[in-house]
1. I'd like the accessible area for T176, computed on protein heavy atoms only with a 1.4 Å probe and all protein chains in place. Round to 10 Å², please.
2. Given a 1.4 Å probe, how much area per residue of the chain is accessible, in Å²?
3. Once every DSSP H run of n ≥ 4 in the chain is given -39500 (n - 2.57) and the sum is divided by its residues, what mean residue ellipticity at 222 nm do you get, rounded to the nearest 500 deg cm²/dmol?
4. State the volume of the convex hull built on the alpha-carbon positions of the chain, expressed per residue in Å³ and rounded to an integer.
5. Given axes a ≥ b ≥ c from the Cα gyration tensor, I'd like to know whether the stretch 104-144 is rounded (a/c under 1.5), prolate (a/b larger than b/c) or oblate.
6. If V64, V159, V37 are ordered by their accessible area, calculated over protein heavy atoms with a 1.4 Å probe, which sequence runs from highest to lowest?
7. Within the chain, count lysine pairs with alpha carbon atoms under 21 angstrom apart where the residues are 8 or more positions apart or belong to different chains.
8. Of the accessible area of the chain, with the probe set at 1.4 angstrom, what percent is carbon plus sulfur?
Amino acid sequence: MLRIQLAEWLRLAADPFQLSAIDDARAGGTSWADIAVALRYVNRQGEPNPGSAMNARKRLHVAVNGKPGDRRQPQVAHLIDQRAAEERIAEQRRIAAGEALYARLGGVARALLEHHGAGKILEDPNDDGFWWGELAEAVDDRRDARERANLVSYVRGVVRETQAYARRTGKPAATTERAREAVKAAAELVELSDES
(Lines give C-alpha, C1' and ligand atoms only; values in the text may rest on other atoms or scores of the structure.)
Protein backbone atom coordinates (compact mmCIF):
# COMPACT_ATOMS: atom_id res chain seq x y z
CA MET A 1 0.00 0.00 0.00
CA LEU A 2 2.81 2.41 0.81
CA ARG A 3 4.30 1.90 -2.66
CA ILE A 4 0.91 2.66 -4.24
CA GLN A 5 0.57 5.83 -2.17
CA LEU A 6 4.13 6.88 -2.97
CA ALA A 7 3.62 6.30 -6.70
CA GLU A 8 0.42 8.38 -6.62
CA TRP A 9 2.15 11.16 -4.69
CA LEU A 10 5.05 11.18 -7.18
CA ARG A 11 2.63 11.34 -10.12
CA LEU A 12 0.70 14.21 -8.56
CA ALA A 13 3.97 16.06 -7.93
CA ALA A 14 5.35 15.31 -11.40
CA ASP A 15 2.29 16.34 -13.44
CA PRO A 16 2.55 20.09 -12.72
CA PHE A 17 6.30 19.95 -13.25
CA GLN A 18 5.97 18.22 -16.63
CA LEU A 19 3.14 20.53 -17.74
CA SER A 20 5.26 23.55 -16.87
CA ALA A 21 8.25 22.08 -18.72
CA ILE A 22 6.18 21.50 -21.87
CA ASP A 23 4.65 24.98 -21.72
CA ASP A 24 8.07 26.57 -21.19
CA ALA A 25 9.48 24.61 -24.12
CA ARG A 26 6.62 25.71 -26.36
CA ALA A 27 7.00 29.33 -25.22
CA GLY A 28 10.68 29.05 -26.08
CA GLY A 29 9.84 27.97 -29.64
CA THR A 30 10.30 24.20 -29.35
CA SER A 31 8.20 22.32 -31.90
CA TRP A 32 5.66 19.67 -30.99
CA ALA A 33 7.76 17.20 -32.97
CA ASP A 34 10.81 17.88 -30.74
CA ILE A 35 8.64 17.56 -27.64
CA ALA A 36 7.27 14.26 -28.99
CA VAL A 37 10.84 12.95 -29.31
CA ALA A 38 11.63 14.03 -25.74
CA LEU A 39 8.49 12.25 -24.49
CA ARG A 40 9.28 9.19 -26.67
CA TYR A 41 6.16 9.54 -28.77
CA VAL A 42 7.63 8.05 -31.93
CA ASN A 43 6.41 5.49 -34.44
CA ARG A 44 8.20 2.28 -35.48
CA GLN A 45 10.34 4.17 -37.94
CA GLY A 46 11.48 6.54 -35.17
CA GLU A 47 9.52 9.49 -36.53
CA PRO A 48 7.97 11.81 -33.92
CA ASN A 49 4.21 11.92 -33.35
CA PRO A 50 3.42 15.58 -32.51
CA GLY A 51 -0.31 14.82 -32.02
CA SER A 52 0.48 12.45 -29.17
CA ALA A 53 2.64 15.10 -27.50
CA MET A 54 -0.18 17.65 -27.83
CA ASN A 55 -2.67 15.19 -26.33
CA ALA A 56 -0.26 14.44 -23.48
CA ARG A 57 -0.10 18.17 -22.73
CA LYS A 58 -3.91 18.37 -22.71
CA ARG A 59 -4.16 15.36 -20.36
CA LEU A 60 -1.62 16.99 -18.03
CA HIS A 61 -3.60 20.24 -18.18
CA VAL A 62 -6.71 18.33 -17.05
CA ALA A 63 -4.81 16.55 -14.27
CA VAL A 64 -3.28 19.76 -12.93
CA ASN A 65 -6.11 22.26 -13.43
CA GLY A 66 -9.19 20.04 -13.40
CA LYS A 67 -11.49 19.02 -10.60
CA PRO A 68 -11.19 15.59 -8.97
CA GLY A 69 -14.03 14.10 -11.04
CA ASP A 70 -12.62 15.22 -14.41
CA ARG A 71 -11.42 12.46 -16.70
CA ARG A 72 -7.91 12.87 -18.03
CA GLN A 73 -8.99 13.04 -21.64
CA PRO A 74 -7.59 15.66 -24.04
CA GLN A 75 -11.03 17.02 -24.95
CA VAL A 76 -11.72 17.83 -21.28
CA ALA A 77 -8.91 20.43 -21.33
CA HIS A 78 -11.17 22.79 -23.29
CA LEU A 79 -13.93 22.43 -20.69
CA ILE A 80 -11.48 23.27 -17.90
CA ASP A 81 -10.31 26.39 -19.73
CA GLN A 82 -13.95 27.36 -20.30
CA ARG A 83 -14.75 26.80 -16.60
CA ALA A 84 -11.78 28.97 -15.58
CA ALA A 85 -12.87 31.70 -18.02
CA GLU A 86 -16.41 31.65 -16.59
CA GLU A 87 -15.00 31.98 -13.07
CA ARG A 88 -12.86 34.96 -14.16
CA ILE A 89 -15.90 36.61 -15.79
CA ALA A 90 -18.00 36.08 -12.65
CA GLU A 91 -15.24 37.60 -10.51
CA GLN A 92 -14.95 40.58 -12.88
CA ARG A 93 -18.71 41.13 -12.66
CA ARG A 94 -18.57 40.98 -8.87
CA ILE A 95 -15.77 43.55 -8.85
CA ALA A 96 -17.60 45.78 -11.35
CA ALA A 97 -20.76 45.66 -9.21
CA GLY A 98 -18.70 46.59 -6.14
CA GLU A 99 -17.07 49.47 -8.01
CA ALA A 100 -20.46 50.78 -9.12
CA LEU A 101 -21.69 50.85 -5.51
CA TYR A 102 -18.41 51.94 -3.93
CA ALA A 103 -19.10 55.69 -3.77
CA ARG A 104 -22.39 55.23 -1.90
CA LEU A 105 -21.37 52.13 0.05
CA GLY A 106 -18.36 53.75 1.72
CA GLY A 107 -20.53 56.38 3.40
CA VAL A 108 -23.16 53.84 4.41
CA ALA A 109 -20.50 51.53 5.86
CA ARG A 110 -19.08 54.37 7.96
CA ALA A 111 -22.57 55.28 9.18
CA LEU A 112 -23.19 51.66 10.20
CA LEU A 113 -19.91 51.57 12.12
CA GLU A 114 -20.64 54.90 13.80
CA HIS A 115 -24.11 53.77 14.98
CA HIS A 116 -22.80 50.35 15.97
CA GLY A 117 -20.00 51.92 18.01
CA ALA A 118 -22.57 54.10 19.79
CA GLY A 119 -24.64 51.00 20.64
CA LYS A 120 -27.56 52.08 18.45
CA ILE A 121 -27.59 48.96 16.23
CA LEU A 122 -28.76 45.67 17.68
CA GLU A 123 -26.06 43.00 18.05
CA ASP A 124 -26.25 39.45 19.32
CA PRO A 125 -24.15 39.34 22.50
CA ASN A 126 -23.20 35.75 21.67
CA ASP A 127 -21.99 36.71 18.19
CA ASP A 128 -18.22 36.83 17.70
CA GLY A 129 -18.48 40.16 15.84
CA PHE A 130 -16.79 38.76 12.73
CA TRP A 131 -18.68 40.87 10.17
CA TRP A 132 -18.34 44.06 12.21
CA GLY A 133 -14.61 43.45 12.58
CA GLU A 134 -14.15 42.79 8.86
CA LEU A 135 -16.18 45.88 7.99
CA ALA A 136 -14.20 48.11 10.37
CA GLU A 137 -10.93 46.82 8.91
CA ALA A 138 -12.02 47.11 5.28
CA VAL A 139 -13.86 50.43 5.27
CA ASP A 140 -10.68 52.52 5.09
CA ASP A 141 -8.39 49.91 3.54
CA ARG A 142 -9.56 49.56 -0.06
CA ARG A 143 -6.50 49.84 -2.27
CA ASP A 144 -7.89 48.07 -5.32
CA ALA A 145 -11.15 47.08 -6.99
CA ARG A 146 -11.19 43.60 -5.43
CA GLU A 147 -10.97 45.04 -1.91
CA ARG A 148 -13.70 47.57 -2.70
CA ALA A 149 -15.90 44.73 -3.98
CA ASN A 150 -15.28 42.85 -0.71
CA LEU A 151 -16.80 45.81 1.14
CA VAL A 152 -20.16 44.77 -0.35
CA SER A 153 -19.76 41.32 1.25
CA TYR A 154 -18.95 42.79 4.67
CA VAL A 155 -21.86 45.22 4.63
CA ARG A 156 -24.15 42.37 3.52
CA GLY A 157 -22.88 40.20 6.40
CA VAL A 158 -23.47 42.96 8.96
CA VAL A 159 -26.98 43.65 7.66
CA ARG A 160 -27.98 39.98 7.55
CA GLU A 161 -26.66 39.27 11.06
CA THR A 162 -28.36 42.37 12.46
CA GLN A 163 -31.70 41.66 10.78
CA ALA A 164 -31.63 37.97 11.70
CA TYR A 165 -31.02 38.77 15.37
CA ALA A 166 -33.76 41.43 15.31
CA ARG A 167 -36.23 38.85 13.92
CA ARG A 168 -35.24 36.26 16.54
CA THR A 169 -35.65 38.69 19.43
CA GLY A 170 -38.62 40.65 18.06
CA LYS A 171 -36.71 43.90 18.61
CA PRO A 172 -36.01 46.64 16.04
CA ALA A 173 -32.64 46.40 14.30
CA ALA A 174 -31.69 49.90 15.51
CA THR A 175 -32.71 52.14 18.40
CA THR A 176 -32.72 55.54 16.64
CA GLU A 177 -34.22 56.81 13.41
CA ARG A 178 -30.79 57.64 11.91
CA ALA A 179 -29.43 54.18 12.79
CA ARG A 180 -32.54 52.54 11.26
CA GLU A 181 -32.02 54.62 8.11
CA ALA A 182 -28.38 53.49 7.92
CA VAL A 183 -29.37 49.81 8.21
CA LYS A 184 -32.13 50.28 5.63
CA ALA A 185 -29.82 52.10 3.19
CA ALA A 186 -27.20 49.37 3.58
CA ALA A 187 -29.80 46.65 3.00
CA GLU A 188 -31.01 48.37 -0.16
CA LEU A 189 -27.47 48.79 -1.51
CA VAL A 190 -26.43 45.19 -0.96
CA GLU A 191 -29.73 44.02 -2.46
CA LEU A 192 -28.96 46.21 -5.47
CA SER A 193 -25.54 44.56 -5.77
CA ASP A 194 -27.21 41.11 -5.83
CA GLU A 195 -29.25 42.19 -8.85
CA SER A 196 -26.26 43.49 -10.86
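1. 50 Å²
2. On the way: 12660 Å² over 196 residues.
Per-residue accessible area for the chain comes out at 65 Å².
3. Numbers: 7 runs with 144 residues, N = 196.
Estimated from H runs of four or more residues: -25500 deg cm²/dmol.
4. Details: hull volume 38.6 nm³, N = 196.
Expressed per residue, the convex hull around the Cα atoms of the chain is 197 Å³.
5. On the way: a/c = 3.05, a/b = 1.52, b/c = 2.01.
Verdict is oblate for the stretch 104-144.
6. Numbers: V64 55, V159 5, V37 80 Å².
Heavy-atom accessible area, descending, gives V37, V64, V159.
7. On the way: K58/K67; K120/K171; K120/K184; K171/K184.
Within the chain, the lysine pair count is 4.
8. Working: 6560 of 12660 Å².
On the chain, the fraction of accessible area on carbon and sulfur atoms equals 52 percent.
The values are calculated or read from the model by the stated rules, or taken from the named source; none is laboratory data. No experiment lies behind these values; they were computed from the predicted model shown. Protein only, heavy atoms only, side chains kept; ligands, DNA and RNA dropped before computing areas. Shrake-Rupley method; radii C 1.70, N 1.55, O 1.52, S 1.80 Å.
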